Number of protein chains: 2
Amino acid sequence: MTMPKYKRLSPETRASELVQAGLQVLSRGGITAFTIENICKASGASRGLVGHYFGGKDGLLAACYGAAYAPLLESIAEDKAPLTLNGLIEELLSERHLRRDGMAIWLALWGEVAVNPVLQAEHLRHYRSYRTAIAQATARHFGRDAPAATDETLAAALIALLDGIWLEACIAPTEMDLGRARAAIEILLKGAAR
Amino acid sequence: MTMPKYKRLSPETRASELVQAGLQVLSRGGITAFTIENICKASGASRGLVGHYFGGKDGLLAACYGAAYAPLLESIAEDKAPLTLNGLIEELLSERHLRRDGMAIWLALWGEVAVNPVLQAEHLRHYRSYRTAIAQATARHFGRDAPAATDETLAAALIALLDGIWLEACIAPTEMDLGRARAAIEILLKGAAR
DNA sequence: ACCATTATTGGATGACCGTTCAACAAAGAA
DNA sequence: TTCTTTGTTGAACGGTCATCCAATAATGGT
């Protein structure tokens, strides 16, 4: 009986597993732990594969950034639910997004985006569609046909507020949990209805 | 004429210069650029001094984190101005805090705080006094003698909102400038007055 | 001018980094 | 079985990292 030295995976599967391992490493140790060695150990792959599938560490990081956005974009996808404002907020505060490991990924990535123009460009694309989706929800919520300038402002404010809540929940979990997050949004959103 | 090989500084001066250099490096290249070599080059010091004054890189990073908080704590210091809510907000949105380099420092640090318990403890101390100061301002703004639970919630919400605004202004400066930040806060704060 | 103090230097060291690539082997086809 | 394709391995490389510490030299007191 001969045990195979390794398992061959399809390129898509292997690439996906490397990305997932990259996200796991980011959430556990931040950007400084994002090394080829750590990632490959977490993925059960050998060091050479990162270069083979992503051209290098930066390529994998960009892929990880895109992958981090995926759950967010899914949550605001048109085909989902009716997308009322309240439903949208509840969804964004759900355990799917408020998990500590997921938030740590964002913190690790944001620090890199701040000094990496390539990632900034990628961020801008996603951010715009994200904000547009929220602006449409607020417009509907206030009975408008199409988003007005007010809705864009409100959407930008909401995104900033949510980002801040995720941030606090990650670096000071005792001070910001789901209950406080709901209360914070409610107290600020209460009077925006005009 | 013999030119001295180096200049002797007092321990306090030298330590302070290393911290400033550390902050500069963080703002320019994020946490991955926070290396002894980069810091000492920026500071005009030699590599050995970081170990001598801070015990190592981690010690310097902790000192930099404390130093990053300094401007924030100054802005909310009791002895300053009357600390009305509007004045406080205007101060926190002023050029002193909304500078891109200063915000990049926060982004670099947050990613590290998320995975470093020592920095988290330090954050908690500062965060609490920060929030208390804001809660007192909101209490006064709404004519209450002492901060109520509502004020703490509102303060936490405001801090999250401001953090989010700083974040967006840093990674997507075209989408979040001073004008939009003001508008975002106004639209959300308009109805919180109850 | 000399000495004691002490801030500072920078070479040495060992660990770890990302990348490259020739050799290898798993899996399917013939 | 044998061959071809192609996903995978891991040693080798040059570079950078943090840390240590013996040697050095700037400074102030005498």
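Collect the residues in the range A:98-117 that are touching a residue at least 60 places away in the same chain (Cβ under 8 Å) and either closer than 11 Å to B:I171 by Cα or not basic (K, R) (or both), keeping them in residue-number order. Scanning the range A:98-117 gives A:L98, A:D101, A:G102, A:M103, A:A104, A:I105, A:W106, A:L107, A:A108, A:L109, A:G111, A:E112. Only one entry in B:A133, B:A184, B:A156 is closer than 30 Å to B:G22 by Cα, at the interface with chain A (Cβ under 9 Å from one of its Cβ atoms) and of a type in the set (A, V, I, L, M), namely B:A156.
With respect to the stated conditions, A:F34 is of a type in the set (A, V, I, L, M, F, W, C) and within 24 Å of A:A169 (Cβ to Cβ). Residue pairs whose Cβ atoms lie under 9 Å apart, separated by 6 or more positions or on different chains, with the first residue in the range A:145-157 and in the same structural domain as A:Y130 (by TED's automatic domain parsing) and the second buried (at least 22 other Cβ atoms within 10 Å of the Cβ) and aromatic (F, W, Y), do not occur. In this structure, A:R14 does not qualify as outside the structural domain of A:H126 (by TED's automatic domain parsing), away from DNA strand D (no atom under 14 Å from the Cβ), assigned to a helix (DSSP H, G or I) and over 15 Å from the mean Cα position of the chain (by Cα). Residues in the range B:109-129 that are surrounded by fewer than 22 Cβ atoms within 10 Å (Cβ to Cβ), of a type outside the set (S, T, N, Q) and more than 7 Å from every other protein chain (Cβ to nearest Cβ): B:P117, B:V118, B:L119, B:A121, B:E122, B:R125, B:H126, B:R128. Would you confirm whether any residue within the range A:49-62 is farther than 28 Å from B:G29 by Cα and either within 13 Å of chain B (Cβ to nearest Cβ) or within 12 Å of DNA strand C (Cβ to nearest atom) (or both)? The answer is no, given that none of the residues of the range A:49-62 is farther than 28 Å from B:G29 by Cα and either within 13 Å of chain B (Cβ to nearest Cβ) or within 12 Å of DNA strand C (Cβ to nearest atom) (or both). For the range B:23-30, does any single residue satisfy the condition of being under 16 Å from B:E112 (Cα atoms), out of contact with any Asp or Glu (no Cβ under 8 Å at 6 or more places or on another chain), more than 9 Å from DNA strand C (Cβ to nearest atom) and not in a helix (DSSP H, G or I)? No, there is no match, as no residue in the range B:23-30 is under 16 Å from B:E112 (Cα atoms), out of contact with any Asp or Glu (no Cβ under 8 Å at 6 or more places or on another chain), more than 9 Å from DNA strand C (Cβ to nearest atom) and not in a helix (DSSP H, G or I). Scanning the range A:96-108 for residues that are more than 8 Å from chain B (Cβ to nearest Cβ) and either of a type in the set (S, T, Y) or closer than 26 Å to A:L83 by Cβ (or both) turns up A:R96, A:H97, A:L98, A:R99, A:G102, A:I105, A:W106.
The condition of being of a type outside the set (V, I, T) and within 16 Å of DNA strand C (Cβ to nearest atom) holds for only one of B:G66, B:G102, B:G44, that being B:G44. For B:D151, the stated conditions do not hold, so it cannot be described as among the acidic types (D, E), more than 8 Å from chain A (Cβ to nearest Cβ) and farther than 22 Å from B:L188 by Cβ. Within the range B:1-42, being buried (at least 20 other Cβ atoms within 10 Å of the Cβ) and closer than 21 Å to B:R99 by Cβ holds for B:V19, B:A21, B:G22, B:L23, B:V25, B:L26, B:S27, B:G30, B:I31, B:F34, B:I39.
The values are calculated or read from the model by the stated rules, or taken from the named source; none is laboratory data. It should be emphasised that the depicted structure is a prediction, and the values quoted were computed from it without experimental measurement. Please note: Cβ atoms are built from the backbone with ideal geometry, for glycine as well, and neighbour counts cover all protein chains shown.
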